[in-house]
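Notes for the one structure printed next.
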Amino acid sequence: MPARDALAKHLQRFLDHLAVERGLSEHTIAAYRRDLERYARFLRDRGITDARRVDERAVAAHVAAVSASTHGDGKPYRATSVVRALSSVRAFHRFLLRDGKISSDPTAAVIRPKLPRSLPKPLSVDDVTRVLAHPDRSAKGLRDRAVLETLYGAGLRISELVGLDVDDVDLEEGSVRVLGKGGKERDVPIGRYARDSISSYLTRVRPQIATTRSRSALFLNLRGGRLTRQGCTGILQQHVAGVGITKRVSPHTFRHSFATHLLEGGADVRVVQELLGHASVATTQVYTLVTREHLREVYFTSHPRARATRRDTA
(Lines give C-alpha, C1' and ligand atoms only; values in the text may rest on other atoms or scores of the structure.)
Protein backbone atom coordinates (compact mmCIF):
# COMPACT_ATOMS: atom_id res chain seq x y z
CA MET A 1 0.00 0.00 0.00
CA PRO A 2 1.45 3.42 -0.87
CA ALA A 3 2.55 5.14 2.31
CA ARG A 4 1.89 8.77 1.51
CA ASP A 5 -1.43 9.24 -0.30
CA ALA A 6 -4.51 10.57 1.50
CA LEU A 7 -6.34 7.24 1.27
CA ALA A 8 -3.55 5.41 3.10
CA LYS A 9 -3.52 8.03 5.84
CA HIS A 10 -7.30 7.81 6.25
CA LEU A 11 -7.17 4.02 6.48
CA GLN A 12 -4.40 4.08 9.08
CA ARG A 13 -6.27 6.66 11.15
CA PHE A 14 -9.35 4.40 11.11
CA LEU A 15 -7.37 1.29 12.12
CA ASP A 16 -5.72 3.26 14.95
CA HIS A 17 -9.21 4.32 16.09
CA LEU A 18 -10.33 0.66 16.19
CA ALA A 19 -7.30 -0.36 18.25
CA VAL A 20 -6.95 2.58 20.64
CA GLU A 21 -10.39 4.13 21.02
CA ARG A 22 -12.61 1.09 20.52
CA GLY A 23 -10.19 -1.49 21.93
CA LEU A 24 -10.97 -4.18 19.36
CA SER A 25 -8.93 -7.38 19.30
CA GLU A 26 -5.96 -7.90 16.99
CA HIS A 27 -7.94 -10.57 15.13
CA THR A 28 -10.85 -8.19 14.45
CA ILE A 29 -8.54 -5.36 13.38
CA ALA A 30 -6.69 -7.73 11.03
CA ALA A 31 -10.02 -8.60 9.37
CA TYR A 32 -10.82 -4.90 8.89
CA ARG A 33 -7.34 -4.34 7.50
CA ARG A 34 -7.70 -7.12 4.91
CA ASP A 35 -11.09 -5.84 3.75
CA LEU A 36 -9.98 -2.23 3.54
CA GLU A 37 -6.65 -2.90 1.84
CA ARG A 38 -8.55 -4.77 -0.87
CA TYR A 39 -10.95 -1.82 -1.09
CA ALA A 40 -8.04 0.62 -1.37
CA ARG A 41 -6.47 -1.41 -4.19
CA PHE A 42 -9.79 -1.35 -6.03
CA LEU A 43 -10.05 2.44 -5.67
CA ARG A 44 -6.45 3.08 -6.73
CA ASP A 45 -6.92 0.92 -9.83
CA ARG A 46 -9.60 3.47 -10.76
CA GLY A 47 -7.39 6.46 -9.99
CA ILE A 48 -9.00 7.28 -6.62
CA THR A 49 -6.39 8.05 -3.95
CA ASP A 50 -8.48 10.21 -1.61
CA ALA A 51 -11.60 9.09 0.29
CA ARG A 52 -13.18 12.47 -0.43
CA ARG A 53 -13.46 11.47 -4.09
CA VAL A 54 -15.33 8.21 -3.43
CA ASP A 55 -18.98 8.15 -4.50
CA GLU A 56 -21.81 5.64 -4.29
CA ARG A 57 -21.00 4.15 -7.70
CA ALA A 58 -17.43 3.35 -6.63
CA VAL A 59 -18.61 1.58 -3.47
CA ALA A 60 -21.31 -0.38 -5.35
CA ALA A 61 -18.76 -1.38 -7.99
CA HIS A 62 -16.42 -2.64 -5.27
CA VAL A 63 -19.19 -4.75 -3.71
CA ALA A 64 -20.01 -6.18 -7.16
CA ALA A 65 -16.32 -6.97 -7.75
CA VAL A 66 -16.04 -8.81 -4.43
CA SER A 67 -19.22 -10.76 -5.24
CA ALA A 68 -17.78 -11.82 -8.60
CA SER A 69 -14.31 -12.72 -7.30
CA THR A 70 -13.02 -16.11 -6.17
CA HIS A 71 -10.63 -17.48 -3.59
CA GLY A 72 -7.30 -19.00 -4.55
CA ASP A 73 -8.99 -22.41 -4.87
CA GLY A 74 -11.44 -21.02 -7.43
CA LYS A 75 -14.44 -21.01 -5.11
CA PRO A 76 -16.56 -17.83 -5.10
CA TYR A 77 -16.78 -15.63 -2.03
CA ARG A 78 -19.71 -16.47 0.21
CA ALA A 79 -22.46 -13.92 0.75
CA THR A 80 -21.27 -13.48 4.34
CA SER A 81 -17.83 -12.41 3.07
CA VAL A 82 -19.39 -9.86 0.72
CA VAL A 83 -21.55 -8.46 3.53
CA ARG A 84 -18.53 -8.24 5.82
CA ALA A 85 -16.54 -6.40 3.13
CA LEU A 86 -19.34 -3.83 2.77
CA SER A 87 -19.64 -3.50 6.54
CA SER A 88 -15.92 -2.71 6.81
CA VAL A 89 -16.15 -0.10 4.05
CA ARG A 90 -19.28 1.40 5.60
CA ALA A 91 -17.64 1.64 9.04
CA PHE A 92 -14.60 3.34 7.46
CA HIS A 93 -16.63 6.02 5.67
CA ARG A 94 -18.90 6.65 8.65
CA PHE A 95 -15.80 7.20 10.77
CA LEU A 96 -14.48 9.72 8.25
CA LEU A 97 -17.85 11.48 8.25
CA ARG A 98 -17.85 11.78 12.06
CA ASP A 99 -14.23 12.93 11.93
CA GLY A 100 -15.10 15.70 9.46
CA LYS A 101 -12.88 14.32 6.70
CA ILE A 102 -15.79 13.82 4.26
CA SER A 103 -19.08 15.71 3.88
CA SER A 104 -21.35 12.75 3.01
CA ASP A 105 -21.40 8.96 3.35
CA PRO A 106 -21.02 7.27 -0.08
CA THR A 107 -22.15 3.92 1.38
CA ALA A 108 -25.52 5.17 2.67
CA ALA A 109 -27.56 4.11 -0.35
CA VAL A 110 -25.58 0.97 -1.24
CA ILE A 111 -27.82 -2.07 -0.79
CA ARG A 112 -26.56 -4.76 1.56
CA PRO A 113 -26.61 -8.22 -0.09
CA LYS A 114 -29.21 -10.56 1.34
CA LEU A 115 -27.90 -13.44 3.40
CA PRO A 116 -29.47 -16.88 3.41
CA ARG A 117 -30.63 -17.73 6.93
CA SER A 118 -28.07 -20.07 8.44
CA LEU A 119 -28.91 -21.53 11.82
CA PRO A 120 -26.17 -22.58 14.25
CA LYS A 121 -25.54 -26.32 14.33
CA PRO A 122 -25.04 -27.27 17.98
CA LEU A 123 -23.98 -30.65 19.26
CA SER A 124 -26.40 -32.68 21.29
CA VAL A 125 -25.93 -32.82 25.06
CA ASP A 126 -24.84 -36.46 24.72
CA ASP A 127 -22.20 -35.60 22.11
CA VAL A 128 -20.80 -32.76 24.22
CA THR A 129 -20.68 -35.08 27.24
CA ARG A 130 -18.73 -37.69 25.25
CA VAL A 131 -16.20 -35.11 24.05
CA LEU A 132 -15.70 -33.73 27.56
CA ALA A 133 -15.15 -37.23 28.94
CA HIS A 134 -12.58 -38.20 26.31
CA PRO A 135 -9.35 -36.64 27.68
CA ASP A 136 -7.35 -39.05 29.82
CA ARG A 137 -5.73 -38.44 33.23
CA SER A 138 -2.31 -37.46 31.84
CA ALA A 139 -1.01 -33.91 32.25
CA LYS A 140 -2.08 -33.11 28.70
CA GLY A 141 -5.47 -34.75 29.25
CA LEU A 142 -6.13 -32.76 32.42
CA ARG A 143 -5.19 -29.56 30.58
CA ASP A 144 -7.43 -30.48 27.64
CA ARG A 145 -10.39 -31.28 29.89
CA ALA A 146 -10.02 -27.91 31.66
CA VAL A 147 -9.96 -26.12 28.31
CA LEU A 148 -13.03 -27.96 26.98
CA GLU A 149 -15.04 -27.70 30.20
CA THR A 150 -14.39 -23.94 30.35
CA LEU A 151 -15.19 -23.45 26.67
CA TYR A 152 -18.55 -25.19 27.02
CA GLY A 153 -19.29 -24.38 30.68
CA ALA A 154 -18.99 -20.61 30.12
CA GLY A 155 -19.93 -20.42 26.43
CA LEU A 156 -16.78 -18.46 25.61
CA ARG A 157 -15.50 -17.22 22.27
CA ILE A 158 -12.15 -18.81 21.50
CA SER A 159 -10.41 -15.43 21.76
CA GLU A 160 -11.94 -14.96 25.22
CA LEU A 161 -10.78 -18.38 26.39
CA VAL A 162 -7.15 -18.05 25.28
CA GLY A 163 -7.07 -14.52 26.71
CA LEU A 164 -7.91 -15.67 30.24
CA ASP A 165 -5.36 -15.09 32.99
CA VAL A 166 -5.09 -17.06 36.23
CA ASP A 167 -6.52 -14.15 38.22
CA ASP A 168 -9.62 -14.08 35.99
CA VAL A 169 -10.85 -17.31 37.58
CA ASP A 170 -12.61 -17.31 40.95
CA LEU A 171 -13.02 -20.98 41.83
CA GLU A 172 -14.56 -20.25 45.22
CA GLU A 173 -17.32 -18.13 43.71
CA GLY A 174 -17.48 -20.22 40.53
CA SER A 175 -17.00 -17.55 37.89
CA VAL A 176 -14.61 -16.28 35.23
CA ARG A 177 -14.00 -12.65 34.31
CA VAL A 178 -14.05 -12.38 30.52
CA LEU A 179 -12.81 -9.59 28.28
CA GLY A 180 -15.23 -9.63 25.35
CA LYS A 181 -15.70 -7.70 22.13
CA GLY A 182 -15.05 -3.97 22.33
CA GLY A 183 -13.08 -4.44 25.54
CA LYS A 184 -16.25 -5.08 27.56
CA GLU A 185 -15.82 -7.18 30.70
CA ARG A 186 -18.40 -9.61 32.01
CA ASP A 187 -18.48 -12.19 34.79
CA VAL A 188 -19.72 -15.60 33.70
CA PRO A 189 -20.63 -18.36 36.18
CA ILE A 190 -19.09 -21.80 35.74
CA GLY A 191 -20.45 -25.05 37.10
CA ARG A 192 -18.92 -27.79 39.22
CA TYR A 193 -17.39 -29.73 36.31
CA ALA A 194 -15.53 -26.70 34.97
CA ARG A 195 -14.42 -25.63 38.47
CA ASP A 196 -13.12 -29.09 39.29
CA SER A 197 -11.27 -29.47 35.99
CA ILE A 198 -9.68 -26.00 36.25
CA SER A 199 -8.68 -26.71 39.86
CA SER A 200 -7.01 -30.03 38.88
CA TYR A 201 -5.19 -28.32 36.02
CA LEU A 202 -3.97 -25.44 38.23
CA THR A 203 -2.66 -27.70 40.99
CA ARG A 204 -1.37 -30.71 39.05
CA VAL A 205 -0.43 -29.51 35.54
CA ARG A 206 0.22 -25.80 35.17
CA PRO A 207 3.08 -25.73 37.74
CA GLN A 208 4.83 -28.50 35.74
CA ILE A 209 4.68 -26.78 32.35
CA ALA A 210 4.89 -23.09 33.34
CA THR A 211 8.03 -21.15 32.39
CA THR A 212 9.09 -17.52 32.61
CA ARG A 213 7.24 -16.89 29.35
CA SER A 214 3.95 -18.17 30.79
CA ARG A 215 3.42 -15.02 32.85
CA SER A 216 -0.20 -14.81 33.99
CA ALA A 217 -1.80 -16.89 31.20
CA LEU A 218 -4.33 -19.43 32.48
CA PHE A 219 -4.15 -22.01 29.71
CA LEU A 220 -0.69 -22.97 28.47
CA ASN A 221 0.62 -25.11 25.66
CA LEU A 222 2.99 -27.91 26.67
CA ARG A 223 6.01 -25.63 26.03
CA GLY A 224 4.80 -23.12 28.60
CA GLY A 225 3.49 -20.44 26.26
CA ARG A 226 -0.04 -19.06 26.27
CA LEU A 227 -2.41 -21.40 24.42
CA THR A 228 -3.27 -20.00 20.99
CA ARG A 229 -6.52 -20.07 19.02
CA GLN A 230 -5.00 -22.73 16.74
CA GLY A 231 -3.90 -24.78 19.73
CA CYS A 232 -7.37 -24.66 21.28
CA THR A 233 -8.97 -25.67 17.98
CA GLY A 234 -6.53 -28.59 17.69
CA ILE A 235 -7.39 -29.80 21.20
CA LEU A 236 -11.10 -29.77 20.43
CA GLN A 237 -10.76 -31.49 17.07
CA GLN A 238 -8.56 -34.22 18.55
CA HIS A 239 -11.18 -35.18 21.12
CA VAL A 240 -14.11 -34.77 18.74
CA ALA A 241 -12.44 -37.22 16.36
CA GLY A 242 -11.58 -39.46 19.32
CA VAL A 243 -15.24 -40.10 20.10
CA GLY A 244 -16.14 -40.71 16.45
CA ILE A 245 -17.97 -37.47 15.61
CA THR A 246 -17.34 -36.89 11.92
CA LYS A 247 -19.09 -33.57 11.29
CA ARG A 248 -17.11 -30.35 11.47
CA VAL A 249 -16.90 -29.02 15.03
CA SER A 250 -15.18 -25.76 15.93
CA PRO A 251 -14.78 -23.97 19.28
CA HIS A 252 -17.71 -21.78 18.23
CA THR A 253 -19.81 -24.95 17.92
CA PHE A 254 -19.35 -25.37 21.68
CA ARG A 255 -20.55 -21.77 22.17
CA HIS A 256 -23.61 -22.51 20.00
CA SER A 257 -24.22 -25.65 22.03
CA PHE A 258 -23.92 -23.75 25.33
CA ALA A 259 -26.59 -21.23 24.26
CA THR A 260 -28.93 -23.81 22.72
CA HIS A 261 -28.77 -26.16 25.71
CA LEU A 262 -29.50 -23.27 28.11
CA LEU A 263 -32.59 -22.24 26.15
CA GLU A 264 -33.77 -25.84 25.86
CA GLY A 265 -33.40 -26.06 29.63
CA GLY A 266 -35.73 -23.09 30.11
CA ALA A 267 -33.30 -20.15 30.40
CA ASP A 268 -34.60 -16.70 29.47
CA VAL A 269 -33.14 -15.37 26.21
CA ARG A 270 -32.00 -12.13 27.88
CA VAL A 271 -30.04 -14.11 30.47
CA VAL A 272 -28.36 -16.04 27.66
CA GLN A 273 -27.63 -12.72 25.93
CA GLU A 274 -25.77 -11.49 29.02
CA LEU A 275 -23.86 -14.75 29.42
CA LEU A 276 -22.74 -14.68 25.78
CA GLY A 277 -21.82 -11.01 25.88
CA HIS A 278 -24.07 -10.08 22.95
CA ALA A 279 -24.68 -6.35 22.56
CA SER A 280 -28.19 -6.97 21.22
CA VAL A 281 -30.78 -9.59 22.12
CA ALA A 282 -31.51 -9.91 18.38
CA THR A 283 -28.17 -11.70 17.98
CA THR A 284 -29.11 -14.19 20.67
CA GLN A 285 -32.60 -14.86 19.33
CA VAL A 286 -31.24 -16.98 16.48
CA TYR A 287 -30.77 -19.72 19.09
CA THR A 288 -34.49 -19.69 19.87
CA LEU A 289 -35.05 -20.74 16.25
CA VAL A 290 -32.70 -23.68 16.77
CA THR A 291 -34.57 -24.86 19.85
CA ARG A 292 -37.91 -24.45 18.04
CA GLU A 293 -36.60 -26.65 15.22
CA HIS A 294 -35.45 -29.19 17.80
CA LEU A 295 -38.90 -29.23 19.42
CA ARG A 296 -40.57 -29.76 16.05
CA GLU A 297 -38.17 -32.58 15.19
CA VAL A 298 -38.79 -34.34 18.50
CA TYR A 299 -42.55 -33.90 18.12
CA PHE A 300 -42.73 -35.26 14.58
CA THR A 301 -40.49 -38.23 15.34
CA SER A 302 -42.07 -39.10 18.71
CA HIS A 303 -45.81 -38.42 18.61
CA PRO A 304 -47.71 -41.27 16.92
CA ARG A 305 -50.36 -39.00 15.38
CA ALA A 306 -47.71 -36.57 14.17
CA ARG A 307 -45.80 -39.38 12.43
CA ALA A 308 -48.97 -40.49 10.69
CA THR A 309 -49.73 -36.94 9.59
CA ARG A 310 -46.33 -36.60 7.99
CA ARG A 311 -46.65 -39.84 6.10
CA ASP A 312 -50.19 -39.21 4.93
CA THR A 313 -49.87 -35.67 3.59
CA ALA A 314 -51.59 -36.41 0.26
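The values are calculated or read from the model by the stated rules, or taken from the named source; none is laboratory data. In this text, all values refer to a predicted model and were calculated from it rather than measured experimentally. Glycine also receives a Cβ, built like all others from the backbone with ideal geometry; neighbour counts cover every protein chain displayed. Areas reflect the complete protein model, heavy atoms only, side chains present, ligands, DNA and RNA absent. Shrake-Rupley method; radii C 1.70, N 1.55, O 1.52, S 1.80 Å.
Scanning the range 164-189 for residues that are of a type in the set (A, V, I, L, M) and either in contact with a strand residue (DSSP E or B) (Cβ under 6 Å, 6 or more places away or on another chain) or without any contact (Cβ under 8 Å) to a residue 24 or more places away in the chain (or both) yields 169, 176, 178, 179, 188.
Quick one: residue 213 ticks every box in (1) at pLDDT 90 or above; (2) in a helix (DSSP H, G or I); (3) of a type outside the set (Gly, Ala, Ser) except a single one, so which number is it? Of the numbered conditions (1) at pLDDT 90 or above; (2) in a helix (DSSP H, G or I); (3) of a type outside the set (Gly, Ala, Ser), the odd one out for residue 213 is (2). For the range 208-262, filtering for residues that are over 24 Å from the mean Cα position of the chain (by Cα) and open to solvent by 80 Å² or more (accessible area, probe 1.4 Å) leaves 6.
Residue-level check: of (1) part of a loop (DSSP other than H, G, I, E, B); (2) open to solvent by less than 40 Å² (accessible area, probe 1.4 Å); (3) farther than 21 Å from residue 5 by Cβ, residue 102 misses just (3). Listed conditions (1) modelled with pLDDT of 95 or more; (2) closer than 24 Å to residue 241 by Cβ; (3) of a type in the set (Gly, Ala, Ser); (4) surrounded by fewer than 23 Cβ atoms within 10 Å (Cβ to Cβ) are all met by residue 124, apart from (1). Exactly one residue out of 24, 36, 86 is outside any helix (DSSP H, G or I), closer than 27 Å to residue 181 by Cβ and open to solvent by less than 40 Å² (accessible area, probe 1.4 Å): that is 24. Contact map, the range 55-68: first residue more than 15 Å from residue 41 (Cα to Cα), second residue open to solvent by 20 Å² or more (accessible area, probe 1.4 Å) and hydrophobic (A, V, I, L, M, F, W, C), Cβ cut-off under 7 Å, separation 6 or more or different chains; pairs are 56/109.
Let's see how each residue does on (1) in contact with a Leu (Cβ under 9 Å, 6 or more places away or on another chain); (2) closer than 24 Å to residue 13 by Cβ; (3) of a type in the set (Ser, Thr, Tyr):
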{"position": "43", "(1), (2), (3)": "yes, yes, no"}
{"position": "47", "(1), (2), (3)": "no, yes, no"}
{"position": "50", "(1), (2), (3)": "yes, yes, no"}
{"position": "54", "(1), (2), (3)": "yes, yes, no"}
{"position": "60", "(1), (2), (3)": "no, no, no"}
{"position": "65", "(1), (2), (3)": "no, no, no"}
{"position": "69", "(1), (2), (3)": "no, no, yes"}
{"position": "83", "(1), (2), (3)": "yes, no, no"}
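Among the residues making up the range 50-73, those that are within 22 Å of residue 98 (Cβ to Cβ) and not aliphatic (A, V, I, L, M) are 50, 52, 53, 55, 56, 62.
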